[in-house]
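Notes follow once the structure below has been shown.
Read-outs throughout are calculated quantities, based only on the coordinates presented, and are distinct from any laboratory measurement. Fair warning: this is a prediction, and the values are worked out from it, not measured in the lab. Counting neighbours? That spans all protein chains shown, and the Cβs are built from the backbone with ideal geometry, glycine included.
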Amino acid sequence: MVLDKIREFVVDQLAVEPELVDIDSNLMNDLEADSLDAVEIIMAVEEEFNLAIPDKDAEKFRTVRDMVEYVEARI
């Protein structure tokens, strides 16, 4: 469920095909996200899961897995 929502946010923000986004996709290298894209995705995650993600934590997100594990540990 968490993976599906995060995948949805990534697909919407980056306008990529869903099949290109898997758990190990690197946001910058594989999906060509820039820092603004990353911020938008993180904001969507915060809103969806009612979380406040500190910048120091958000800066560590490299892959979809990083975000999924972070959220799952806090919900």
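Restricting to segment 32-61, count the residues that are farther than 17 Å from Glu72 by Cβ and within 11 Å of the chain's Cα centre (by Cα).
Qualifying residue count for the region: 6.
Counting only residues that are surrounded by 14 or more Cβ atoms within 10 Å (Cβ to Cβ) and either in contact (Cβ under 8 Å) with a residue 40 or more places away in the chain or within 21 Å of Glu72 (Cβ to Cβ) (or both), how many does segment 13-22 have?
Selection size over segment 13-22: 2.
Mind listing just one residue for me: the one in segment 10-32 that is of a type in the set (Val, Ile, Thr) and in a loop (DSSP other than H, G, I, E, B) and, of those, nearest to Val64 (Cα to Cα)?
Let us first name the residues in segment 10-32 that are of a type in the set (Val, Ile, Thr), namely 10-11, 16, 21, 23.
Retained after the next criterion (residues that are in a loop (DSSP other than H, G, I, E, B)): 16, 21, 23.
Details: Val16: 14, Val21: 8, Ile23: 5 Å.
Per the stated criteria, the residue is Ile23.
Out of curiosity, is Val10 within 11 Å of the chain's Cα centre (by Cα) and surrounded by 13 or more Cβ atoms within 10 Å (Cβ to Cβ)?
Judged against the criteria, Val10 is a match.
Could you list, in sequence order, the residues of segment 41-57 that are part of a helix (DSSP H, G or I) and either touching a Lys or Arg at 6+ places or on another chain (Cβ under 8 Å) or surrounded by 17 or more Cβ atoms within 10 Å (Cβ to Cβ) (or both)?
Ile41, Ile42, Ala44, Val45, Glu48, Phe49
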